[in-house]
Each structure stands twice: as structure tokens, then as C-alpha cells.
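The values are calculated or read from the model by the stated rules, or taken from the named source; none is laboratory data. Please read all numbers here as calculations on a predicted model, not as lab measurements. Heads up, the Cβs are rebuilt from the backbone with ideal geometry, glycines too, and the neighbour counts pull from every protein chain shown. When the accessible area is computed, the model is the full protein with side chains, heavy atoms only, and any ligands, DNA or RNA have been set aside. Shrake-Rupley method; radii C 1.70, N 1.55, O 1.52, S 1.80 Å.
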Amino acid sequence: VYTRQGNPAWAGQKRDGTTGPIRSDDMFYPNWINLSKVAIPQADEQQHLLSNIIAKYTLDRKPLPRFWFLPKGLKAAVVMTGDDHAVAGPSTVNRFNQYKSLSADNSPAGVADWNAIRGTSYIFPGTPITDAQTSAFQADGFEIGLHLNTNCANWTASSWQSNWTSQYATLLGQLPSMLPQKTHRIHCIAWSDFATQPKKNVENGVRLDVNYYYFPAAWVLDRPGMFTGSGMPMRFSDVDGTLIDCYQVTTQLTDESGQTLPLHISALLDSAIGAPGYYGVFCANMHTDNNSSTSQSGSDAIVSAAQARSIPVISAKQMLDWLDGRNGSTFNNLVWNNNQLSFTITAAPGSRNMKAMLPVNSSTATLNSITYNGSSIPTTTQTIKGIVYAFFDATLGSG
């Protein structure tokens, strides 16, 4: 938790030398994570080690099945977001229409299978988009929500809530068809203490946060990587270890941190799908404001790099739905007898295309086959962090 969320002793301090409010990066500045190794997801690698310890040291009891991190066995995904500050011109509308034009399959199934380019726009009230456009975009799998504005100032729990209540009501008055908001980024990425913001998110129905931000440029130094040591969405924890039901999805790609975006997205994706195995969900903030040419070129570069590697580009809401589906799924009734393992899988809603994985080697034998209701099912074999697994469809019979 400390690796991913920063040093709680530095919470509430302005440390990074920039103007504006306290931000999440202040809990990392200058050296909470070794940025000379920022390409390595250090927290994730620690967790892989823990997983391997559990898998290895339970083999004398039974081989333990697991669920893979992403649907279809994917090793990476891009969460595309943008902030819109109500500037002139149909900026969010144009960006979303472009994503539709770039998509191979805009059908409902194509969206559900992550074959369509989709994104999220966090907007100020007054952003030039109509209620009819909002309704249509949402039906097509895009996400639109409030970009909370504290005027780039630090906030308290009460001032945060006051701003949210008034601004959300104003935006909903403009866009009555807007769906209840489930994900969020605040204006100026203001982050005033360790864990109040995710707790306030949950109180207001928001369960995924993209405010952890690879920033500022003088600290980033154009080095691709993961400044929280993680590319994996994880729930926040409070300072006492209490779990908060809101996911931290770090924004590793921004259009205001001096990043050479083709370099950064290529490095992240290649390390995820290549030999390093730095799997992850890589979030971008490419502002949807009409006057931001850097944002448009950055968005283009990210989408192009993802498509070239068959990596999906999705909205933050799509990511949340998947996380809830995977994390709500379970293995049940595990029985190990005479070198035969049996179990059932309960696949929760949202777990579409979920893959399960079973160690190929137990303490006494090697996997021969996997059957479902007595019939053999297809498997593929992959070595994940030194352990050989058989991957198979975890949603058989789930409808």
C-alpha cells in the first residue's frame, strides 16, 4: 500500500516545487520510489513474488487455480481519459466521434469485447455537449462525468463535498441523461491528504479514481514508467489499513508532464507484452479541450501504438466493470484426490472473457487435461513469473 499510495508521513505537504495545490505526487517526491528504476513496477513485482510463494508452498496440498488479471488473457490495457474545461467548440464530441471512426467493431458485442476504441471525458458544467449526444455516446460505451473543480485549491472533506454536490447538480441539470458517475478525476489533480478523496468518492458512488498522476515534468524527466511502482488497479487503503472500495488507477500518460508520448506508450506496452512481463493497465489523460493540439496528437499516438499491438483502449467505466466482475468471481468446492483436482467457478457479472489459470505441475504429477462437465476443453500454456500455467475459459456455462 505504501509503495502504491505514497508516504503517509508526507501527506498534506507541498513538496514538488510546483505551483497549485497539494497533489498525489507530493507523497512520492523526490525519492519515495527509485525513479532510476521507474520502468519496473516494483509493487507489482513484490505481489507476484507473494503469489508465487503461495502457489509453490501449497502444492503439497493441491494446485491452486487463479483468475488472470485481464479478459482474454490480455497482458495490458489502456484506459483513455480526457478532461474538458468547457472551452469553445465540441471537443469531447469530436474526440469520441474520432474513436468511433477508428474502431474495428462499434457493435454492442464489439464494445463488450473491448474491440472498440472507447474513452472517458471528465467535464466542467457548460462543456459544449448536448443531452442527446451524451445519451447516444453512453449507449455506445463511452463515459461522461463531472470534472470536480476546487479552483485548483486544496480542499477539506466538507469543501470537497460542497463542491461536488453543487457542481454535480449543475451538470446533471445540463445533461439529465448522464448516468450515475462511477469514476473520477478532480481539476488540477488536487489531493489534500492520504485517503479522504477515495473515501469521498465512495460516499458519492464513485469507485475508480485516476488522480494519481505522473507529474511534474522536471521530476518525470521523460522517463517512461510507473511512479507508484504499479500498473495494476488496486483498491485504496486508509492509513490504518482499512480497505476502501475505490480502485486506484494511476495516470501514467499525461499531456502536461513533458512526456514524449509515443516513447512512453511503446515502452509501457512492450514491457507488458514482452519478456519483462510488466503487465498493467495504463491510464492516459489526453485533454478533450478543443484548443489542445498536444492532447490530440498524444491521443493519436496512444491509440495507434495500442492498435499495432492488439491492446484494447477502453473507458474507465469499462475497467471498473471488469474489475468488479473478476474480483466478484470465485473458485468453489476445491477437491484434490488421487492427482485429480475438481472445482466449480462462479463467474460474476462483468467477467466477460475471463480466463482461469492452473499450475501445470503439482508436487506429484504434471497436468494431463482439463475437462468441463466431462468433456475436454481447450487450454494454452504460459510461463508467468517462473510458474507454468494452463489458461482456459473461466466463464463456461455462465451464460
Query raised in the report: Can you list the strands (runs of 3 or more DSSP E) found entirely within the stretch 254-348 that contain at least 2 residues being open to solvent by 30 Å² or more (accessible area, probe 1.4 Å) and not small (Gly, Ala, Ser)?
Result: 330-337, 340-346
Query raised in the report: Would it be correct to say that ASP245 is within 17 Å of SER36 (Cα to Cα), in contact (Cβ under 8 Å) with a residue 12 or more places away in the chain and open to solvent by 30 Å² or more (accessible area, probe 1.4 Å)?
Result: no
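Would you tally the residues in the stretch 226-242 being closer than 18 Å to TYR29 by Cα and either surrounded by fewer than 22 Cβ atoms within 10 Å (Cβ to Cβ) or of a type in the set (S, T, N, Q) (or both)?
2
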**Report entry** Complete set of residues in the stretch 242-253 that are part of a loop (DSSP other than H, G, I, E, B) and aliphatic (A, V, I, L, M)
**Finding:** VAL249
Query raised in the report: Quick one: what pairs do we get from the stretch 175-196, first residue open to solvent by 30 Å² or more (accessible area, probe 1.4 Å), second acidic (Asp, Glu), C-beta under 7 Å, 6+ apart or different chains?
Result: PRO176/ASP131; SER177/ASP131
**Report entry** Extreme residue, farthest from SER329 (Cα to Cα), among residues of the stretch 356-383 that are aliphatic (A, V, I, L, M) and part of a loop (DSSP other than H, G, I, E, B)
**Finding:** ALA365
Query - The lone exception for SER363 - which of (1) surrounded by 15 or more Cβ atoms within 10 Å (Cβ to Cβ); (2) in contact (Cβ under 8 Å) with a residue 40 or more places away in the chain it fails - result: (1)
Report summary line: Pairs returned, first residue in the stretch 135-150 that is farther than 24 Å from GLN197 by Cβ, second residue that is in a loop (DSSP other than H, G, I, E, B) and open to solvent by 20 Å² or more (accessible area, probe 1.4 Å), beta-carbon separation under 8 angstrom, 6 or more apart or interchain, are SER135/SER177; GLN138/SER177; GLN138/LEU179; ASP140/ASN106
